[in-house]
Every structure is written in C-alpha cells, then in structure tokens.
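The structure appears right after this line, and notes come after that.
The values are calculated or read from the model by the stated rules, or taken from the named source; none is laboratory data. In this text the structure is predicted, and so the values were computed from the model without any measurement. A quick note on method: Cβ atoms are made from the backbone with ideal geometry, for glycine too, and the neighbour counts reach across all protein chains shown. The accessibility values were calculated without ligands, DNA or RNA, using every heavy atom of the protein model including side chains. Shrake-Rupley method; radii C 1.70, N 1.55, O 1.52, S 1.80 Å.
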Amino acid sequence: MNVLESSTRIAFKNILFLTDFSEASQPAMEYAATLAKHHQATFYAGHIHTPISSLNLEGDPLMDYLEAAREQKRRELSALIEPFGLTSKVLVAEGMIEYAIERWTVLYGIDLIVVGTHGWRGLERLVLGSTAELILRSAICPVLTVGPHVPKLEREPEYIDRILFATDLTQQSEYAVSYALSFAHERCAHLTFLHVLGKGSHVPDHNRVMEYCERELRGLVPSDAELWCDPQFVVTEGDAAQEILNFAEGDNSDLIVLGLPKDKVFSTHFRSGVTYSVVSSAPCPVLTVRDMLQER
C-alpha cells in the first residue's frame, strides 16, 4: 500500500436518490437530501417503472399512455422532495434499471447514488430487494445504501462522528479510502481501519502476519491524519462480513465504507459475499466505492 501524503476533500455535486415509493426508500431519501444540502449539490430523484404489459395499445395511444404514466410519477416524485427545498430535478424512465442508471449517471454527471434496501431474510439468506441489488451490480459511481436497520435521523443532519473503513488490503482500497478520509476530515470524525483475516487462517508466524496487516492499514493514512480523524487500526480474525457488522454495531458506527475493484462482476454467489451481507444487515449506511481509476 502507498502511504498517502494528504487527504483529498470530496464534494458531491450531483446526487441521485432512487425510489420505488416503498417504505424502505424513506430513510434513504432523508440521507440523500441531507448530503445534497451539506454539499450544496443538485438533488436528483429518480424512479424506473415497468409499464403494464397487458394493455392492448399500440401507436399513438400507447405513447400517450406512457407519457401520462411518466407524468404521474414525476408529480409523485416532486411531492416527495419538495419539502426539502433543494435545487432538484425529477427523473422517470421505463425498462431496465441498469440502463437507466448508466444513462442518468453519464448525462447528469451523477457522483453519488443513494438507495434504500429491504434487507429481508428468507430461506436462510438475505434479500436486498431487486432495485438495490441491480444498482450495486452495475453502478459506475459510489453508492450509499440505507437499510432497514439504520435508525432514523434524530441528530444534526451533518452528524457523522464514527466511520468504519473495512478493507481486504487489495489495491482498490487506495481509491475507496479517499472517501472515508474525506468524510472524516470534513467532520473531524473518528475513523477506524479494519482488516479481517479469514477464519481459521493457519500461517507459520501469526503475530508477524498481524503486524504486517496493521502496517498496511497504517500505510493508507496521511501523515497528518491524527490531527483531524483520530485513526484506529484493527486486525481481527473470523468471518469478514460478520466481523465488520459486529464492529460497526459495537462501535456505534455512523458510516461503513467498502471498496470494490473497477472490474468487479457479481456472480450468482453475490448473495453469499461480504459486500452483500454487510449492505443487507448494516446498522448504519454503507458507502460502496468502485476503483474507477484502476489501470493496474
């Protein structure tokens, strides 16, 4: 890992809140609006809907129906976000969620997507909800997920006092850590760097491995970090997802930051992965950041 000389302040300029109008979207909308206000960003509220396929319409009647449906959704979105009093724009599309998000991200320069998750448990597995899952799979900018275990905002809107940056010490951490450092620097927040060694890691010199991992964590931090973020470095063992969740719960974390490689493609095993498990059950919002500069 390369030691960072200084932290870079990251300001979000165009924040996209995606909603399916479910109850799960409400906390996410509040977080999105809070961040938009804090960064003086444009607040985009988006909805992707599927037109009723059973209608026997074609030609102009079909176009009229689709436009009427879009206009109805625009009015609903406007009513949702109007109370926040932000510079805003509503976006409505039909069809594939992935395509709409990619188009909006490029067209409007979206630099953060905020979405709520259901976090249901069924058949012994976690279920995010199809919208959140598709966004995590395809987004080309950072995604902030707000799950059902996240308490409602009861403190000052900008209040983020304890941040957890969990890393597997691969190179994408060098990109994702800049977001964790920016949040911490702006708010003088406590920032913990966590690495989890695999359960049952059998290595010849266990203590040396632990020390090496801690040095790698320290290498992610600028030399002046102690002046503004009170960094803590933790190396532990166990199931990565569970250890991250346990630490966040015990530390009363306000934000978890996770890094993903640029070319990360979620397979059918996505629902058994660390990212999915953490996002589904986290007690606070989770910011996932792809290394979009990865050319190594």
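Brief remarks follow.
- From the options ARG218, ARG208, residue that is over 23 Å from VAL274 (Cα atoms) and of a type in the set (Lys, Arg): ARG208
- Failed condition for GLY119, given (1) closer than 29 Å to TRP228 by Cα; (2) open to solvent by less than 20 Å² (accessible area, probe 1.4 Å); (3) at pLDDT below 80; (4) of a type outside the set (Ser, Thr, Tyr): (1)
- Failed item in (1) free of Cβ contacts under 8 Å to residues at least 60 places away in the same chain; (2) surrounded by fewer than 15 Cβ atoms within 10 Å (Cβ to Cβ); (3) out of contact with any Gly (no Cβ under 9 Å at 6 or more places or on another chain), with GLY109 passing the rest: (1)
- Per the listing SER6, SER53, SER22, the residue uniquely over 30 Å from HIS185 (Cα atoms), at pLDDT below 80, of a type in the set (Gly, Ala, Ser) and surrounded by fewer than 19 Cβ atoms within 10 Å (Cβ to Cβ) is SER53.
- One residue stands out in the stretch 32-42 among those that are surrounded by fewer than 22 Cβ atoms within 10 Å (Cβ to Cβ) and outside any loop (DSSP other than H, G, I, E, B): the one that is modelled with the highest pLDDT, namely THR42.
- Selection status of VAL92, farther than 19 Å from LEU136 by Cβ, in contact (Cβ under 8 Å) with a residue 24 or more places away in the chain, open to solvent by less than 70 Å² (accessible area, probe 1.4 Å) and part of a strand (DSSP E or B): yes
- Qualifying residue in the stretch 43-53 (condition: within 23 Å of SER182 (Cα to Cα) and not in a helix (DSSP H, G or I)): yes
- Scanning the stretch 211-228 for residues that are of a type outside the set (Lys, Arg) and under 23 Å from LEU260 (Cα atoms) returns TYR212, CYS213, GLU214, GLU216, LEU217, GLY219, LEU220, VAL221, PRO222.
- Filter result (touching a strand residue (DSSP E or B) at 6+ places or on another chain (Cβ under 7 Å), buried (at least 19 other Cβ atoms within 10 Å of the Cβ) and under 23 Å from HIS206 (Cα atoms)) within the stretch 236-253: ALA240, GLU243, ILE244
- Boolean, ALA45 is at pLDDT 80 or above and either surrounded by fewer than 16 Cβ atoms within 10 Å (Cβ to Cβ) or of a type in the set (Asp, Glu) (or both): no
- Breaking point among (1) under 13 Å from ILE163 (Cα atoms); (2) open to solvent by less than 80 Å² (accessible area, probe 1.4 Å); (3) at pLDDT below 85, for VAL203: (1)
- Yes/no for PRO27 being open to solvent by less than 50 Å² (accessible area, probe 1.4 Å) and either free of Cβ contacts under 8 Å to residues at least 24 places away in the same chain or in contact with a strand residue (DSSP E or B) (Cβ under 6 Å, 6 or more places away or on another chain) (or both): yes
- Within the stretch 227-253, considering residues that are farther than 23 Å from GLN171 by Cα, among the charged types (D, E, K, R) and assigned to a helix (DSSP H, G or I), the one farthest from the chain's Cα centre (by Cα): ASP251
- Options GLU214, GLU295, GLU226: the member that is at pLDDT below 90, open to solvent by 40 Å² or more (accessible area, probe 1.4 Å) and farther than 23 Å from TYR159 by Cα: GLU295
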